[in-house]
Structure formats: structure tokens, C-alpha cells
Amino acid sequence: MAGETTHNLRGDYSGMRPDYTVEQVWSAYTPEDHALWRRLYARQAALVPRYACREFIDSLAALDFGDAIPRFDAVNAKLSAATGWRLVAVPGLLPDAAFFGHLANRRFPVTVWLRSPGEFDYIVEPDVFHDFFGHVPLLFDAVFADYLEAYGKGGIKAQELGAIEMLSRLYWYTVEFGLIETPAGIRAYGAGILSSGGELPYCVDSDEPNRIGFDLLRIMRTRYKIDTYQESYFVIREFRELFEATAPDFTPYYAQLAGRAPYAPGEVLPSDRLAKKGGGGASPPMPS
Ligand code: HBI
Ligand code: FE
């Protein structure tokens, strides 16, 4: 989710460690929390086969956390064996520097609190359902896991270069709201989409939004909104495309973009490679 300041946020930041981590006090979750978790999980799990990418579907099937809010340390045993990542419990949104520092060291921050029943359909800040259901399954995919570590390292560099806003757009349009081409059509891999009851079908089936071929500089120059469905989604061909795009040093990219006005979220450029909507059978391949 997009970073905000750590002021007037929901979480309890009082007892956290210097690296912004806290304990996940699993016994503090109520039966109502676990019941809400099961409802959220059931809703999303029913949509996943039709709208999620294959890597997410397979990873979700290998995990088993539909019955109650998961214990992070139990998942860490499996996750660290799979890709060397582990989950760290946090009170909520972190300052960019702390967040990047965790990603750069293969630690994924997962919020410990769960939304209220009244937020079943929409929540502003990431809660444990968004972070866990949306982000954790793809941490088991080797290439995506490498991309996320590279992103974290790039974030630390971006801080030094004052380029956080551009790099946050990359996170937003890939890790949070990314789409991927598959033989069966366009599917979702972004956590913000996969944890959303409405946006998951919308991003694949609707004719409204733009679906634009992945283009790193284009993305880093495109603003996003945090409280509506996306007006544009960016589509990769495979996770390796993400990893390779973030391999080079971004310094020249930031220099190239400095001073250039950002694009509005719904703008379409003549240079954009547009994809068809993802519904029904295989969508025609995007123009290369
Ligand atoms: N903190 N806990 C948490 N989770 C996020 O997804 C997150 C964050 N802080 C900043 C942030 N995301 C984005 O601004 C990144 O692009 C930095
Ligand atoms: Fe997120």
C-alpha cells in the first residue's frame, strides 16, 4: 500500500523496536477477528482461480491459512526454506526508509491488526489481511522474491537521490496493482488487487481501465490514486521482466525524469502498448 507518514495511523507504534517491528500477539486476536478473517479469505479464495496469476494460485494452494489469522512464525519456517524471506510483524505503515530496509534484507513487514467488520469491502491502510493474503503467497516465487529484494535495495538508493516518489509509483503499479499476461488472458499479481473483493474481477473484466504494457520510465512518471480503483493498470509478460527492469542502476532514469511533469493516472500516450481486456478466452497478444 502507499506509504503515508506514521502519524495518526491506526496501529499501536508505542512498543515497537528500533527497526519498527513488534511481536505478533496471536492470543490477542478474538474469535470475531478469526471469523472475519475466514469471511475475507473465503471471498478472495473464490475469486482467485478465475482472476489470479498461476504463481499466486499455486502458492495459495500450498499454504493453508483460511481457518484463522496465521501465526507469522509458523509461516516463516516454510517461507525462509523456500526463498530466504521471512515475515516481520509491524504496527502498520512504516516510514519509507524502514520499509525499504526490511525489503532489502528479505524481511516482509506484515501488519498485526485486522480491519473491523465494517471495512469488509474497503480499507485505507494495509491490515493483516491485505499484507498476508495479498503479498505473502508471491514471496514463495523465486523470481518475484528476487525482484522485491532488488526493489528494497533500490529504495535505499532512491532515498539518497530524492527519488522516492518515482520509486513508489513502481511499487504501486507492480507489487500492489500489477497485471500479468498468461495464455488464458490477463491475470492479477498485485497484492492490492488480490486482497480486494471488487477490484480483482474489475481489473480483468472491466472495459473501463487502461491496460498498458509494462514500461519502467512510463510507470515512474505516472501518478496514482489510493482511494479508487486504478484508471490504468500495467501489464508484464512474466516476473523476469520485472527483475530485469530493476537490475540496472536507476540514477540515469531519475535524471532523465527530473523536472518532467508526471502523467495523470488515466492518461494514455501514443507510445503506450495497449492490451485488450482480460475476459473470456486468451486475449490477443499485445503488440511487441
Ligand atoms: N509500510 N508496512 C508498510 N507496508 C507498505 O506497503 C509500505 C510501507 N511504507 C511505505 C510504502 N509501503 C510505500 O510507500 C513504498 O513504495 C515505499
Ligand atoms: Fe501492500
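Structure above, values below:
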read-out: Selection within segment 114-128 - within 16 Å of ligand 1 (Cβ to nearest atom), out of contact with any Leu (no Cβ under 9 Å at 6 or more places or on another chain) and touching a residue at least 40 places away in the same chain (Cβ under 8 Å); value: Val124
read-out: Of the criteria (1) open to solvent by 10 Å² or more (accessible area, probe 1.4 Å); (2) at pLDDT 95 or above; (3) more than 15 Å from Cys53 (Cβ to Cβ); (4) of a type in the set (Ser, Thr, Tyr), which one Tyr122 fails; value: (2)
read-out: Residue in segment 129-139 that is away from ligand 1 (no atom under 13 Å from the Cβ) and not in a helix (DSSP H, G or I) present; value: no
read-out: Test: Leu161 is over 26 Å from Gln24 (Cβ atoms), open to solvent by less than 10 Å² (accessible area, probe 1.4 Å) and of a type in the set (A, V, I, L, M); value: no
read-out: Matching option when the condition is basic (Lys, Arg) and touching a strand residue (DSSP E or B) at 6+ places or on another chain (Cβ under 7 Å), among Arg240, Arg211, Arg260; value: Arg211
read-out: Which numbered condition Asp131 fails, given (1) touching an Asp or Glu at 6+ places or on another chain (Cβ under 9 Å); (2) within 13 Å of ligand 2 (Cβ to nearest atom); value: (1)
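The values are calculated or read from the model by the stated rules, or taken from the named source; none is laboratory data. Here the structure is a predicted model, which means the values were calculated and not measured. For neighbour counting, all protein chains shown are included, and Cβ atoms are generated from backbone atoms with ideal geometry for every residue, glycine included. These accessible areas exclude ligands, DNA and RNA; they are computed on the full protein's heavy atoms, side chains included. Shrake-Rupley method; radii C 1.70, N 1.55, O 1.52, S 1.80 Å.
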